[in-house]
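Please read the structure below before turning to the comments.
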Amino acid sequence: MDSGQMATLCIEGRAFFIGDLHGERRQLSQLLGNVGFSPEKGDRLICVGDLIDRGPDSVACLDLLELPWFHSVLGNHEAMLMDALSGDTDCLNSWLRCGGQWFEALEDGERDAVVAKAQRLLPEVPLGLEIQLPALDARIGVVHAECPHDDWLSFRQACQRGLDSRQEFHCLWARDTLSRMGKGEYPTPVANIDALVLGHTPQQMFRSYGNRVWLDTGAGYPAGRLSLLSAEQILELVR
């Protein structure tokens, strides 16, 4: 761990990357079964954030943060949950409108347990994650929405200093790159990282450009699904 906002993880076994989970724990189990996922053999799973809301099992997806083989960056939905738990009524209502209704449907004891778990686990979830893969001689960065810098080393340094509110907004909420791509304006690769895996903006299927890969394919929506790619597949897309 480099700071509260950036973490580094070295994976010797297989590494898999999953898009926005949004409560779809059953879909996740199916995908992990399809690839023979084996934590006992060193396999690890990395998520781009948004574990909760919309789908049928937000509680079980939040529980993933307690498993040693699961790693995630913070998504805007987890950030909304933390803001809601601060006691601000406007933040609570905003989160409920954006998919947090499952929280109100819980029994009192279940709700208290979720609050305690969220307050314990979510402050430890970083905004940026660097996955080091010695067997592949590669490094893969993960941010939920967008990296606020066009150089990964600059982003790491900013995390060590402490991100300002604009930089945090980019990590959690921004869609500028995809919006510009929709207008024919394509970005240069993010420097000093082999690939950058992102989520946040639902796509019909995962897509890539330069060294960026977007993995949110609408899990939690009726026509959406989860996307799971191995580190090898990620690197193949960007090379």
Q: With the checklist (1) closer than 19 Å to A113 by Cβ; (2) in contact (Cβ under 8 Å) with a residue 40 or more places away in the chain; (3) open to solvent by 10 Å² or more (accessible area, probe 1.4 Å) in hand, flag the one item S58 doesn't pass.
A: (3)
Q: Scan segment 84-106 and report the pairs whose first residue is part of a helix (DSSP H, G or I) and whose second residue is of a type in the set (S, T, N, Q) and surrounded by 12 or more Cβ atoms within 10 Å (Cβ to Cβ), with Cβ atoms within less than 9 Å and a gap of 6+ or a chain change.
A: A84/N93; A84/S94; C98/N76; G99/S58; G100/S58; G100/S94; W102/S58; F103/S58
Q. Under the condition of being over 13 Å from the mean Cα position of the chain (by Cα) and not hydroxyl-bearing (S, T, Y), which residue from segment 203-217 is farthest from A60 (Cα to Cα)?
A. G210
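Quick one: is L51 within 20 Å of F16 (Cβ to Cβ), within 15 Å of the chain's Cα centre (by Cα) and buried (at least 24 other Cβ atoms within 10 Å of the Cβ)? Don't jump to the end; show me each part of the working.
On the way: within 20 Å of F16 (Cβ to Cβ): yes; within 15 Å of the chain's Cα centre (by Cα): yes; buried (at least 24 other Cβ atoms within 10 Å of the Cβ): yes.
Judged against the criteria, L51 is a match.
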**Q.** Residues being part of a loop (DSSP other than H, G, I, E, B) and over 16 Å from the mean Cα position of the chain (by Cα) - total across segment 1-46
**A.** 13
Q. With respect to A118, is the statement that it is modelled with pLDDT of 95 or more, under 24 Å from S230 (Cα atoms), assigned to a helix (DSSP H, G or I) and among the small types (G, A, S) true?
A. no
Q | Residues that are more than 12 Å from S58 (Cα to Cα) and under 20 Å from the mean Cα position of the chain (by Cα), drawn from segment 97-119 | A | C98, K117, Q119
Q. Pick from segment 164-179 the residues that are touching a strand residue (DSSP E or B) at 6+ places or on another chain (Cβ under 9 Å) and within 19 Å of I193 (Cα to Cα): which of them is most open to solvent (accessible area, probe 1.4 Å)?
A. H170
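Can you tell which of Q101, Q160 is in contact with a Ser or Thr (Cβ under 7 Å, 6 or more places away or on another chain), open to solvent by 80 Å² or more (accessible area, probe 1.4 Å) and polar (S, T, N, Q)? First the steps, then the outcome.
Working: Q101 fails: in contact with a Ser or Thr (Cβ under 7 Å, 6 or more places away or on another chain).
After ruling out the rest, the residue left standing is Q160.
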Q: Assess whether A223 counts as being over 23 Å from A79 (Cβ atoms), at pLDDT below 95 and open to solvent by 20 Å² or more (accessible area, probe 1.4 Å).
A: yes
Q) If you scan segment 15-68, which residues turn out to be basic (K, R) and touching a strand residue (DSSP E or B) at 6+ places or on another chain (Cβ under 8 Å)? A) R44
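The values are calculated or read from the model by the stated rules, or taken from the named source; none is laboratory data. This one's a predicted model, so the numbers in the text were calculated from it and none came from an experiment. Positions of Cβ are backbone-derived with ideal geometry, glycine not excepted, and every protein chain shown enters the neighbour counts. In case anyone asks, the SASA skips ligands and DNA or RNA and just uses the protein heavy atoms, side chains included. Shrake-Rupley method; radii C 1.70, N 1.55, O 1.52, S 1.80 Å.
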